[in-house]
Amino acid sequence: MTMIEMKRVYKTYKRKNVATEALKGIDLEIQEGDIFGVIGYSGAGKSTLVRLVNYLERPTSGQVIVDGQVLNDLSDSQLRAMKKQIGMIFQHFNLLESKTVFDNVAIPLVLSKKPKDEMKKRVMELLDFVGLSDKARSYPKELSGGQKQRVGIARALASNPKILLCDEATSALDPQTTQSILQLLKRVNKEYNITIMLITHEMSVIREVCNRVAVMEAGEIIEQGSVLDVFGHP
Ligand code: ADP
Ligand code: ADP
């Protein structure tokens with residue numbers, strides 16, 4: 001089944017008198033169960049692509065279809081429901097510094113008004129999954145970068161998404177920590193059956209975890225296919 005599809009997607013940012021064509025006719029297909037990498041230099045349009053899937057940005061033209069729903073056609077309340085199907089993790093983790101690890105992971109569950117005992121059980125399950133059960137009462141500033149990203153992953157999984165979007169999620173981490181986060185993403189994909197879309201500027205990251213890849217350059221996808229077809233054997 002196709003999980004994420006884009007058809008002839010264009011995105012132009014207009015600021016004052018300056019128009020930037022960030023995406024110029026993107027056609028993309030990500031299947032359920034894929035770990036799909038998007039690679040390209042800074043400015044290629046990768047973040048814009050991810051923000052369109054999450055509907056933080058609207059396309060200037062073209063269609064964005066997620067889990068069979070044409071996002072362009074949805075009402076605001078339908079969109080809010082769709083967004084719960086999508087988790088996201090970030091380069092700089094985006095944790096709330098004033099909240100404990102437990103409370104950071106609980107945010108999506110508090111927002112969706114889950115009963116408190118159910119919420120606690122789910123948070124502790126997720127912390128166990130990411131290997132941070134003993135850090136529930138710690139604050140983000142007490143954690144290493146890798147531990148912060150594990151919290152980010154647990155929080156992204158809290159609302160049971162079908163899709164996890166990773167925006168340069170290992171770019172702030174050293175190679176060894178990157179490895180451990182990538183192994184965790186593989187477990188997210190397999191054990192929770194979550195489709196992953198991962199953007200990066202590092203080919204090594206794509207080779208390590210992705211089965212398919214799109215190469216972006218100046219707002220266009222210049223190649224798309226299996227990692228072995230696109231990059232060849234290492
Ligand atoms: P990447 O993630 O590959 O670095 P982006 O999607 O962030 O690429 O950016 C693609 C192009 O769109 C760049 O030229 C960037 O300057 C421009 N751009 C991105 N976001 C905005 C914005 N909010 N307003 C104006 N221009 C933007
Ligand atoms: P209250 O009812 O006053 O909110 P809680 O017992 O729900 O108190 O939580 C108090 C704090 O303890 C929370 O802010 C949270 O960080 C932490 N906490 C809650 N449950 C757990 C747990 N199972 N393990 C570790 N820390 C927890």
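Across the stretch 175-201, the number of residues qualifying as open to solvent by 20 Å² or more (accessible area, probe 1.4 Å) and either touching a Gly at 6+ places or on another chain (Cβ under 8 Å) or within 27 Å of I65 (Cα to Cα) (or both) comes to 9. Only one of (1) more than 23 Å from K148 (Cβ to Cβ); (2) within 16 Å of ligand 1 (Cβ to nearest atom) is not met by R80, so which one is it? Result: R80 passes all but (2).
All but one of (1) buried (at least 19 other Cβ atoms within 10 Å of the Cβ); (2) of a type outside the set (A, V, I, L, M, F, W, C); (3) within 14 Å of the chain's Cα centre (by Cα); (4) not in a strand (DSSP E or B) hold for G37; state the number of the condition that does not hold. With (1) buried (at least 19 other Cβ atoms within 10 Å of the Cβ); (2) of a type outside the set (A, V, I, L, M, F, W, C); (3) within 14 Å of the chain's Cα centre (by Cα); (4) not in a strand (DSSP E or B) applied to G37, the lone miss is (4). The number of residues in the stretch 2-34 that are more than 16 Å from L52 (Cα to Cα), open to solvent by less than 70 Å² (accessible area, probe 1.4 Å) and away from ligand 1 (no atom under 13 Å from the Cβ) comes to 4.
Each row is one residue, and each column tells you yes or no for (1) charged (D, E, K, R); (2) more than 30 Å from E21 (Cα to Cα); (3) in a strand (DSSP E or B); (4) touching a helix residue (DSSP H, G or I) at 6+ places or on another chain (Cβ under 7 Å).
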| position | (1), (2), (3), (4) |
| --- | --- |
| A44 | no, no, no, no |
| L49 | no, no, no, no |
| S98 | no, yes, no, no |
| V105 | no, yes, no, yes |
| D117 | yes, yes, no, no |
| R122 | yes, yes, no, yes |
| E125 | yes, yes, no, no |
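Every condition in (1) more than 16 Å from ligand 1 (Cβ to nearest atom); (2) farther than 19 Å from I222 by Cα holds for T60 except the one numbered (1). You will find that of R58, R150, R80, the residue that is part of a helix (DSSP H, G or I), on the phi < 0 side of the Ramachandran plot and open to solvent by 70 Å² or more (accessible area, probe 1.4 Å) is R80 and no other.
Of the residues making up the stretch 202-230, those that are within 19 Å of A169 (Cα to Cα) and open to solvent by 60 Å² or more (accessible area, probe 1.4 Å) are E202, M203, S204, R207, E208, N211, R212.
The values are calculated or read from the model by the stated rules, or taken from the named source; none is laboratory data. Keep in mind that this is a model prediction, so the values were computed, not measured. Positions of Cβ are generated from backbone atoms using ideal geometry, with glycine treated the same way; all protein chains shown enter the neighbour counts. When the accessible area is computed, the model is the full protein with side chains, heavy atoms only, and any ligands, DNA or RNA have been set aside. Shrake-Rupley method; radii C 1.70, N 1.55, O 1.52, S 1.80 Å.
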